[in-house]
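Asker: Below is the structure I would like to discuss, written out as structure tokens.
The values are calculated or read from the model by the stated rules, or taken from the named source; none is laboratory data. Here the structure is a predicted model, which means the values were calculated and not measured. Here the Cβ is made from the backbone with ideal geometry for all residues, glycine too, and neighbour counts use every protein chain on show. Accessible surface is based on the protein model in full, side chains and every heavy atom, while ligands, DNA and RNA are left aside. Shrake-Rupley method; radii C 1.70, N 1.55, O 1.52, S 1.80 Å.
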Amino acid sequence: MPTVKKLVLIIVDGLTPAGFERAVVSGRAPALAFLAENGTYRQATSVFPSLTPVCLSAIATGSGPGVHHIPHLVWWHRRERRIVEYGSSFAAVRAAGVAQTLTDTIYNLNQQHLAADAVTVFEALEDAGYVAGAVNITCYRGRTRHQPTLPWITKPAFGPKRFFFYSLFESDPTGAPLAVRNRAGGSIDAYAAAVGRWLVTRDGFDFLAYYLSDFDYASHAHGPVGAEDVALERTDAAIQALLDAAGGPDAFLERYAVVLHSDHGQTLVEQAAQLELPLARFADDIVVTASNRAGQVYLLPDARIDAGELAQALDREPSVETTLRFEGDEAVARREGEEVRFRPSGDGWETSGDASILDHPDALHRTWSALSNPNAGELLVSAAEGWELADMGGRHHAGGGSHGSLVAGDSIVPLLTIGVDAVPTRITEVTPAVLAHFGVEVPPPMRAAALAHAG
Ligand SMILES: [Zn+2]
């Protein structure tokens, strides 16, 4: 195997480009500032819906939801005729059933819901003989069986060789403190930092996915700017822990290439709505799933309506900006009663109608992929600026921050590369860039996803 520099992928959940740019000049984030000084910075686009499980699966598989099949934070499982809820809020978790939610989030996302023919960065690298590591990333599928650390949970998970997941799975005894003892106080990233320190000290991987979630948590509560006062220093400290463990910032960059980015942005939300209400008259024919700034409507078998009628019914709903659906082989976006139709054509798109409806970043590619997901609803809903769609526990983040929609603030992320040749402009291009760095061939599903319309 040729000698290549090892690589650390750092994902800061919910960090916006503006937040990243402020952080590096603020003096409050020395680790981010050092990396920015030594790297190439650009903005990149997320996927739609721009929600964490969809985004992290997109990052790990190098493909959109049309390939990886995770549609939302909350969705209707047609075959099992039940709601899958990955943890929108504690109230939503209670409504979906705590045990079911934990099983869905910890196990089923990777073992059942994630498409069998998608390939994760961990699988691709380890199949090529590299050692991969994952810290806390919720899309972690690999080929090594790991027994849980807690005696009352017995089911194994299959992750990369170095696998650390919220104290629940630990491939190695690192002495890290329990992850979940104080979420708001930053205990999850403190756990990640302790594990990361251990891994870098031992140089125990070729590739490490290092996922920090606490910034997003603070941003939901305090808004994307307010989060900087609460969580920026802690996030930076979790990155600094890696630099220190390598013997300092310069020593860290001598040993590792770096990709640092976020999974989606966040925007301020002032108001919340229940997507079920404007669709109440169709209640017998549909299932509505909504959370944060995206929703989905599923038609039940034998429904007496179609997705076009549902879209019309949302024309005057202020919380809804754009809806999307398939009609035959065309996708249809509808906004305030106006429509644009589009479908793949050659390397690009054929559109008819008012194309200005879909003026969002990378909109045709992202929405086509979202619609092509077999687990997606027949109608997809992107919320209007400033609005959030309440989850099944009735919870929302009005007064704070949220994400999930097609709008730029939810969809654009900061992306920094150091020592990596490729220039990713989408979060789905990060894993192909990582594989290229290691000289590993990009697997067919990932290659297909890079085309304009395959997802
Ligand atoms: Zn996220």
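Asker: For region 278-345, which GluC sites (Glu not before Pro) are both in a DSSP coil and crowded by at most 13 other Cβ atoms within 10 Å? If you can, show how the numbers build up before the last one.
Answerer: On the way: sites: GLU309, GLU321, GLU327, GLU330, GLU336, GLU338, GLU339; in loops: GLU336.
Filter output for region 278-345: GLU336.
Asker: Right, next: Accessible area of ARG183, 1.4 Å probe, to the nearest 10 Å²?
Answerer: 80
Asker: Another question about this same structure. Which loop trypsin sites (Lys or Arg not before Pro) in region 274-323, with loop taken from DSSP, have no more than 13 other Cβ atoms within 10 angstrom of their Cβ? Mind dumping the intermediate values first?
Answerer: Details: sites: ARG281, ARG293, ARG304, ARG316; in loops: ARG293, ARG304, ARG316.
Here the sparse-neighbourhood loop sites are ARG304, ARG316.
Asker: With all protein chains present, calculate the accessible area of TYR130 using a 1.4 Å probe and round the result to the nearest 10 Å².
Answerer: Counting only protein heavy atoms, TYR130 exposes about 20 Å² to solvent.
Asker: Which value, in debye to the nearest 20, describes the size of the charge dipole of region 1-152 about its Cα centre when Lys and Arg Cβ atoms bear +1, Asp and Glu Cβ atoms bear -1, and nothing else is charged? Before the final figure, lay out each step's value.
Answerer: Details: 13 positive and 10 negative charges, 36 e Å.
With Lys and Arg at +1 and Asp and Glu at -1, about 180 debye.
Asker: Next question. Sum up the charges of everything whose Cβ sits under 14 Å from the Cβ of SER411, counting Lys and Arg as +1 and Asp and Glu as -1, but leave SER411 out. Please report the intermediate quantities before stating the final value.
Answerer: Numbers: positive: ARG293, ARG366, ARG426; negative: ASP263, GLU321, ASP359, ASP362, GLU385, ASP410.
Computed value for this residue: -3.
Asker: Mind listing the Cα extents of region 19-125 along all three principal axes, in Å, largest one first?
Answerer: 50, 34, 22
Asker: Report, as a whole number in µm² per second, the diffusion coefficient that Stokes-Einstein gives for the chain at 20 °C and 1.002 mPa s using the Kirkwood radius over alpha carbon pairs. Don't skip to the answer; put the middle values down first.
Answerer: On the way: Rh = 21.9 Å.
Translational D for this selection: 98 µm²/s.
Asker: Show me the GluC sites (Glu not before Pro) within region 1-84 that DSSP assigns to loop and that have at most 14 other Cβ atoms within 10 Å of their Cβ.
Answerer: Numbers: sites: GLU21, GLU37, GLU80; in loops: GLU80.
Here the sparse-neighbourhood loop sites are GLU80.
Asker: How large are Rg and Dmax for region 1-79 when calculated on the C-alpha trace, in angstrom?
Answerer: Rg, Dmax (Cα atoms, Å): 16.4, 52.
Asker: Any idea how far the Cα center of region 396-448 sits from the one of region 314-372, in Å?
Answerer: Here the answer is 22 Å between Cα centres.
Asker: Next question, about the same structure. Carbon and sulfur atoms: what percent of the 1.4 Å accessible area of the chain do they account for?
Answerer: Details: 8500 of 16500 Å².
Ligands and nucleic acids excluded, carbon and sulfur give 51 percent.
Asker: Given the DSSP H assignment, sum -39500 (n - 2.57) over each helix run of at least 4 residues in the chain and divide by its residue total; what's the result at 222 nm in deg cm²/dmol, nearest 500? Don't jump to the answer; show the numbers that get you there.
Answerer: Values: 16 runs with 138 residues, N = 455.
That calculation yields -8500 deg cm²/dmol at 222 nm.
Asker: Just round it to a whole percent: the fraction of Cα-Cα distances in region 325-424 exceeding 17 Å. Spell out each step's value before the answer.
Answerer: On the way: 3054 of 4950 pairs.
Here the tail beyond 17 Å accounts for 62 percent of pairs.
Asker: How much accessible area does MET392 have with a 1.4 Å probe, in Å² rounded to the nearest 10?
Answerer: 80
Asker: A further question on this structure: Which order do peptides 81-91, 107-117 fall in by mean Cβ count within 10 Å, highest first? Please list the in-between numbers first.
Answerer: Details: 81-91: 19.3, 107-117: 16.8.
Ranking the peptides 81-91, 107-117 by packing returns 81-91, 107-117.
Asker: Give the percent of DSSP beta bridges with both residues in region 97-217 that are antiparallel, rounded to the nearest 5. Each step should come with its number before you reach the end.
Answerer: Values: 5 of 12 bridges.
Looking only at bridges with both residues in region 97-217, the antiparallel portion is about 40 percent.
Asker: Mind checking the log10 I(q)/I(0) for region 370-433 at q = 0.18, 0.20, 0.29 Å⁻¹? Debye, one equal scatterer per Cα, no solvent, two decimals.
Answerer: Log-scaled intensity ratios, in q order: -0.89, -0.97, -1.24.
Asker: Size of the dipole of the chain about the Cα centre, Lys and Arg at +1 and Asp and Glu at -1 on the beta carbon, nothing else charged, in debye to 20? Walk me through the intermediate numbers first.
Answerer: On the way: 35 positive and 54 negative charges, 283 e Å.
The calculation lands at about 1360 debye.
Asker: Based on C-alpha coordinates, I'd like the Rg and Dmax of region 169-215, in Å.
Answerer: Answer for region 169-215, Rg first and Dmax second: 10.9, 32 Å.
Asker: Turning to a different aspect of this structure: What is the sum of charges, Lys and Arg at +1 and Asp and Glu at -1, for the other residues whose Cβ falls under 12 Å from the Cβ of HIS146? Could you put the intermediate results ahead of the total?
Answerer: Details: positive: ARG141, ARG143, ARG145, LYS155, LYS161, ARG162; negative: GLU170, ASP172.
Neighbour charge sum, excluding HIS146 itself: +4.
Asker: So if the hydrodynamic radius of region 76-173 is defined as the Kirkwood radius over C-alpha pairs, what does Stokes-Einstein give as its diffusion coefficient at 4 °C and 1.567 mPa s, in µm² per second? Provide the component values of the computation, followed by the final result.
Answerer: Values: Rh = 14.3 Å.
The Stokes-Einstein estimate is 90 µm²/s.
Asker: Among ARG325, ARG145, ARG28, what's the order by accessible area (1.4 angstrom probe), most exposed first?
Answerer: Working: ARG325 10, ARG145 150, ARG28 75 Å².
Ranked list, largest accessible area first: ARG145, ARG28, ARG325.
Asker: What's the angle, to the nearest 10 degrees (0 to 90), between helix 214-227's Cα axis and the longest principal axis of the chain?
Answerer: 70
Asker: Roughly how many Å² is the accessible area per residue of the chain, as a whole number, for a 1.4 Å probe? Write down the numbers at each step before the final one.
Answerer: Values: 16500 Å² over 455 residues.
Roughly 36 Å² per residue, with all protein chains present.
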